[in-house]
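First the structure, in the form of structure tokens, and then the observations on it.
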Amino acid sequence: MKKRSTWLLAVATVGIGIWVGSSFTTVSNASSQLGSSDDPVVTKSYVDQQIQKALGGSLNTSTTPTNSNSSSTNSGNSSSSTTNTNNTSSTANTGSNTTGTLTSTNSNSKVSIVELRPGKKLIANAGTQVIVRKGKAIVYSDASNGIIDITSGTEVGGSQVISNNHLLLFPRDGRGVTVDAASSSNATVMVIGSYGVQ
């Protein structure tokens, strides 16, 4: 009797195991049908296609920046200016600033590396971000307020030295970064946003 109940228990265990295993397979097969209502994950290309169909094919999917005009004229005198222009086909918002000999238009998506010579000023528009990578740079500001050092969480006032490799945010137009005229070395600055060099 004991052998019979052991065999019966073994057969029942195997049968239950097969039944449970087949039910898991059925559930996984139902959710593995790509594109079915049980599959909530879609790709970007599918979403783009559906949006394009809904808009009647008028969606422009090009997001690569095109550099339409980028020129630099630094002849050594203080009246020289730099014009930095970048147009992105998917971005309609551009900043524009004209101050004396400074003319700058730039979309906020391009990173620019700028070499500032002693005595030159990089004037940033509101919302521009700057990182001083090399050299000794000083905050340029007409007002007592300066710029925001996001890395340290402080405000750096006018004529204060900027720490290298700190992310700086310019809250208003007309503030900038300058290299002391008495300095013998240039400063390398990484800029994201609108700016001009005087």
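In summary, Asp180 fulfils each of the numbered conditions (1) open to solvent by 70 Å² or more (accessible area, probe 1.4 Å); (2) within 20 Å of the chain's Cα centre (by Cα) with the single exception of condition (2). If you scan the range 113-159, which residues turn out to be hydroxyl-bearing (Ser, Thr, Tyr) and out of contact with any Gly (no Cβ under 7 Å at 6 or more places or on another chain)? Within the range 113-159, Thr151, Ser152, Thr154, Ser159 meet the criteria.
Scan the range 6-50 for residues that are open to solvent by less than 80 Å² (accessible area, probe 1.4 Å) and either among the aromatic types (Phe, Trp, Tyr) or modelled with pLDDT of 85 or more (or both) and jot them down. Matches in the range 6-50: Ala10, Ala12, Gly15, Gly17. Among residues of the range 158-184 that are free of Cβ contacts under 8 Å to residues at least 40 places away in the same chain and within 16 Å of Glu115 (Cα to Cα), those with a beta-carbon under 8 Å from a residue that is of a type in the set (S, T, N, Q) and outside any strand (DSSP E or B) at least six positions away or on a different chain give the pairs Asn165/Thr151.
Condition check ((1) modelled with pLDDT of 50 or more; (2) surrounded by fewer than 18 Cβ atoms within 10 Å (Cβ to Cβ)) across all residues:
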residue: Asn84; (1), (2): no, no
residue: Ser89; (1), (2): no, yes
residue: Asn106; (1), (2): no, no
residue: Glu115; (1), (2): yes, yes
residue: Leu122; (1), (2): yes, no
residue: Thr128; (1), (2): yes, no
residue: Arg133; (1), (2): yes, yes
residue: Ser141; (1), (2): yes, no
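The values are calculated or read from the model by the stated rules, or taken from the named source; none is laboratory data. In this text, all values refer to a predicted model and were calculated from it rather than measured experimentally. We place every Cβ from the backbone using ideal geometry, glycine too, and count neighbours over all the protein chains shown. Heavy atoms of the whole protein, side chains included, go into the accessibility calculation; ligands, DNA and RNA do not. Shrake-Rupley method; radii C 1.70, N 1.55, O 1.52, S 1.80 Å.
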